Each structure stands twice: as C-alpha cells, then as structure tokens.
1. What helices (runs of 4 or more DSSP H) lie completely within region 119-216 and have 2 or more residues being closer than 20 Å to residue 96 by Cα, at pLDDT 90 or above and in contact with a helix residue (DSSP H, G or I) (Cβ under 8 Å, 6 or more places away or on another chain)?
2. Quickly run through region 89-114 and pick out the residues that are outside any loop (DSSP other than H, G, I, E, B) and farther than 26 Å from residue 186 by Cα.
3. Just one of the numbered conditions (1) in contact with a strand residue (DSSP E or B) (Cβ under 7 Å, 6 or more places away or on another chain); (2) at pLDDT below 90; (3) closer than 20 Å to residue 188 by Cβ; (4) not in a helix (DSSP H, G or I) is not true of residue 86; which one?
4. As an exercise: evaluate residue 53 against (1) over 16 Å from residue 160 (Cα atoms); (2) touching a helix residue (DSSP H, G or I) at 6+ places or on another chain (Cβ under 7 Å) and give the number of the one condition it does not meet.
5. For region 22-39, which residues satisfy the criterion of being over 14 Å from residue 211 (Cβ atoms) and either in contact with a helix residue (DSSP H, G or I) (Cβ under 6 Å, 6 or more places away or on another chain) or surrounded by fewer than 21 Cβ atoms within 10 Å (Cβ to Cβ) (or both)?
6. All but one of (1) in contact with a helix residue (DSSP H, G or I) (Cβ under 7 Å, 6 or more places away or on another chain); (2) more than 30 Å from residue 7 (Cα to Cα); (3) surrounded by 13 or more Cβ atoms within 10 Å (Cβ to Cβ) hold for residue 111, so report the exception by its number.
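The values are calculated or read from the model by the stated rules, or taken from the named source; none is laboratory data. This is a predicted model, so every value here is computed, not measured. Cβ atoms come from the backbone with ideal geometry, glycine included; neighbour counts cover every protein chain shown.
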C-alpha cells in the first residue's frame, strides 16, 4: 500500500530566483524504509519541511503531497507521521526529566500515557527504565537520540522521518539506533524516511535510496 506520495514537488522561497526543489518525486509504501541522500544544500531539508508543512510564509509550493491518498494539509497527519531531528540536545527540554518529556508529548497529542507506557517506549529503543528519571545532560549523545526516537514513536505513527539522526555518532551507537527501527518495521509495518549522507546506514536499513542533487 502506498503511504506517502510526493509528486512533482517544486519549492521556491520568497525572493528566490529559482526553486530550491524542482519536480521532485518520492514514494514510500507501508513497511518500507526509503533513504534520502544528498550533499549539503541539495534540498533535503526543504523536502522534509514541505512534508511537515513547515515552510516560511510566502513560499511557493507546487505539486502534491498525499498521505494514504489524502492531501497532507487536510490529513490528521501529526499522529501518523513524526520527525526525529538531528540535534537531540536542542530537541529535549533541559529542565524536564526524560519521563516528563515523554508524558508531555503524549498529552499534547491526546495519547494515553502511563509509567508503564513510558518504560515500554524506552525499552523499544533499548534504554533502561531508570532513564525516565534522568535529565538530557546526564545522557550520552546516542542515548539522547534514542530518546528522540522514543518520543517520535509515542503517538504510534505509521511513518517516521529521521533527519540525519545518526550524524556524529560512532558505529556502535548507530547500531543501537538501527536495530529498534528494523524490529518495528518487521513487527509493526513501520515506514520511514532516512535522511543521511552515511552509506553505512543506508546499506543496513533502507529498501531503496533517492539521491538528490540541486533539488532534483
């Protein structure tokens, strides 16, 4: 089943002479992991922002973005597709314990939560229950990134977008991130877009790779 269908996407920022993304197509099926590769400035970030409807006011957007056959603007997509950002430290509230952050995320999205649910989410990403009592600065970069994945999974999404989620992490830490995602795909049919320039991650996890150069 086709889950995400990006067709003929062109994006031009206000005041720009030419589009930063032009006639771009991307299709992701249920249970499929698709890699999005490209150098800095190739348009990867703009594509992700377009999918999430997070573009500056006045931006010209042409083409269509459908999720389960429904235009993204009309779809209750926030519960069905979630983002794992690159910078885990800036994504986590330094004043909140990890458990509180997960709880607040569930509340904001009207999702049932409990201590058991928090522990289950941490277990999915191979983190111990006591991590719920810790603050972000007490965790390593790899642990914080896994917390961000747990947050992304809190609403039981059908698709996760990982935006350079393993950048700067060593191979062993990468394995701790890749393994839970692969299990979720096999057992729950999770779909994902992995934005990365790391061929190791691509070869280990994705079914296909879309290469981007100068927005195409």
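1. Values: elements: 141-153, 171-188, 199-205.
It comes to 141-153.
2. 89, 90, 91, 98, 99, 100, 101, 103, 104, 107, 108 - these are the residues of region 89-114 that are outside any loop (DSSP other than H, G, I, E, B) and farther than 26 Å from residue 186 by Cα.
3. Against the list (1) in contact with a strand residue (DSSP E or B) (Cβ under 7 Å, 6 or more places away or on another chain); (2) at pLDDT below 90; (3) closer than 20 Å to residue 188 by Cβ; (4) not in a helix (DSSP H, G or I), residue 86 comes up short only on (3).
4. (1) is the only condition that residue 53 fails.
5. Passing the criteria: 22, 23, 27, 29, 30, 31, 33.
6. Failed condition: (1).
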